[in-house]
Amino acid sequence: MKVVILCGGMGTRLREETEFRPKPMVEVGGRPILLHIMRHYAHYGFQDFVLCLGYKGDYIKNYFLNHKYFSTDLTVTLGRESTVEFHGAPEEEGWRVTLVDTGLESQTGARLKKVERHLGGEAFMLTYGDGLSTVPLNRLLDFHRAHGLLATVTGVRPPARWGELVVSGKDQKVVRFSEKPSVQDGYINGGFFVLEAGVLDYLTSDASCSFEHGPLDGLARDGQLAMFAHDGFWQAMDTYRDYRLLNDLWSSGQAEWRLP
């Protein structure tokens, strides 16, 4: 089963890191967040990727074209005809990565529609290039197949963004301040979709087509959208604060998404 990853956004809320590179290539723990996401899928046996490129897409193409140089030790013998000796193979040996320019200004639905020709008319997975999680992808796929609908979205309960003030009494006296408050009520779209090919009929290649506004509503109205609830770790890297949080988790050994 192929995995489509949306990698084309401009990442304007993370401008400190995205001025010179696309957001999926911003590093967490010394490697692009995109690679963390792809390794999560590969861990469950999904190693055939289709990347929807846009903003600074050449940066991502260059990374994968030269991936072996970036990910292994090597010895360069200089001379009239230089040679390169690689020591070992990258962990990503055997992955298949299709890189597709889906336009600078395209919204998510348009990007997905523009890679339709690479999906072979079969069911596929879809996620965003900036979200880390511990979603059990095997159970997600089983859930999707059991329901028999066109689409399944993973619902998550993200941590609240701000410290929580716990108060008591008429005078609203603070009795506790929680730096890591409880999760919000309800679920939100956490990405990590499983989609049948029929979902593509809800989309257009017009640049303004947003997958989240229109197509998902249409699938819900038609009774074709199920939600897989995930109460484990999930964190999107939307802002510089999120970037710092993910790197702090990694450096402190608390990165729940980290694979053995």
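State all residues of the stretch 73-93 that are within 28 Å of the chain's Cα centre (by Cα) and loosely packed, with under 10 Cβ neighbours inside 10 Å; if no residue qualifies, say none.
Asp73
Conditions tested, residue by residue: (1) at pLDDT 95 or above; (2) more than 15 Å from the chain's Cα centre (by Cα); (3) crowded, with 19+ Cβ neighbours inside 10 Å; (4) of a type outside the set (Val, Ile, Thr).
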{"residue": "Asn189", "(1), (2), (3), (4)": "no, no, no, yes"}
{"residue": "Phe192", "(1), (2), (3), (4)": "yes, no, yes, yes"}
{"residue": "Leu203", "(1), (2), (3), (4)": "yes, yes, yes, yes"}
{"residue": "Asp222", "(1), (2), (3), (4)": "no, yes, no, yes"}
{"residue": "Ala226", "(1), (2), (3), (4)": "no, yes, yes, yes"}
{"residue": "Ala229", "(1), (2), (3), (4)": "no, yes, no, yes"}
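Out of curiosity, is Leu104 in contact with a Gly (Cβ under 6 Å, 6 or more places away or on another chain) and either surrounded by 10 or more Cβ atoms within 10 Å (Cβ to Cβ) or not in a helix (DSSP H, G or I) (or both)?
yes
Is it the case that the stretch 55-72 has a residue that's among the acidic types (Asp, Glu), more than 27 Å from Arg221 (Cα to Cα) and surrounded by 18 or more Cβ atoms within 10 Å (Cβ to Cβ)?
Of the stretch 55-72, the ones among the acidic types (Asp, Glu) are 58.
Okay, now just the ones that are also more than 27 Å from Arg221 (Cα to Cα), so 58.
Restricting the remaining residues to those that are surrounded by 18 or more Cβ atoms within 10 Å (Cβ to Cβ) gives none.
No: the stretch 55-72 contains no residue that is among the acidic types (Asp, Glu), more than 27 Å from Arg221 (Cα to Cα) and surrounded by 18 or more Cβ atoms within 10 Å (Cβ to Cβ).
Give me the residue from the stretch 230-260 that is among the hydrophobic types (A, V, I, L, M, F, W, C) and touching a helix residue (DSSP H, G or I) at 6+ places or on another chain (Cβ under 6 Å) and, out of that set, farthest from Glu16 (Cα to Cα).
Per the criteria, the residue is Leu259.
Where the second residue is in a loop (DSSP other than H, G, I, E, B) and among the acidic types (Asp, Glu) and the first is in contact (Cβ under 8 Å) with a residue 60 or more places away in the chain and within 16 Å of His230 (Cα to Cα) and lies in the stretch 124-137, which pairs have Cβ atoms under 6 Å and are six or more apart or on separate chains?
Between residues of the stretch 124-137 that are in contact (Cβ under 8 Å) with a residue 60 or more places away in the chain and within 16 Å of His230 (Cα to Cα) and residues that are in a loop (DSSP other than H, G, I, E, B) and among the acidic types (Asp, Glu), the close pairs are Thr134/Glu256.
Considering only the stretch 2-16, state which residues are loosely packed, with under 15 Cβ neighbours inside 10 Å and not basic (Lys, Arg).
Thr12, Glu16
May I ask you to list pairs of residues, at least six apart or on different chains, whose Cβ atoms are under 9 Å apart, with the first in the stretch 193-210 being over 28 Å from Ala229 (Cα atoms) and without any contact (Cβ under 8 Å) to a residue 40 or more places away in the chain and the second being of a type outside the set (Phe, Trp, Tyr) and surrounded by 15 or more Cβ atoms within 10 Å (Cβ to Cβ)?
Pairs that qualify, where the first residue is over 28 Å from Ala229 (Cα atoms) and without any contact (Cβ under 8 Å) to a residue 40 or more places away in the chain and the partner is of a type outside the set (Phe, Trp, Tyr) and surrounded by 15 or more Cβ atoms within 10 Å (Cβ to Cβ): there are none.
Only one of Leu165, Leu150 is at pLDDT below 95 and either of a type in the set (S, T, N, Q) or more than 26 Å from Pro24 (Cβ to Cβ) (or both); which? First the steps, then the outcome.
On the way: Leu150 fails: at pLDDT below 95.
None of the other options fit; the residue is Leu165.
Looking only at the stretch 17-34, how many residues end up being basic (Lys, Arg), in contact (Cβ under 8 Å) with a residue 24 or more places away in the chain and either assigned to a strand (DSSP E or B) or surrounded by 21 or more Cβ atoms within 10 Å (Cβ to Cβ) (or both)?
Residues flagged as basic (Lys, Arg), in contact (Cβ under 8 Å) with a residue 24 or more places away in the chain and either assigned to a strand (DSSP E or B) or surrounded by 21 or more Cβ atoms within 10 Å (Cβ to Cβ) (or both) within the stretch 17-34 amount to 1.
The values are calculated or read from the model by the stated rules, or taken from the named source; none is laboratory data. It should be emphasised that the depicted structure is a prediction, and the values quoted were computed from it without experimental measurement. A quick note on method: Cβ atoms are made from the backbone with ideal geometry, for glycine too, and the neighbour counts reach across all protein chains shown.
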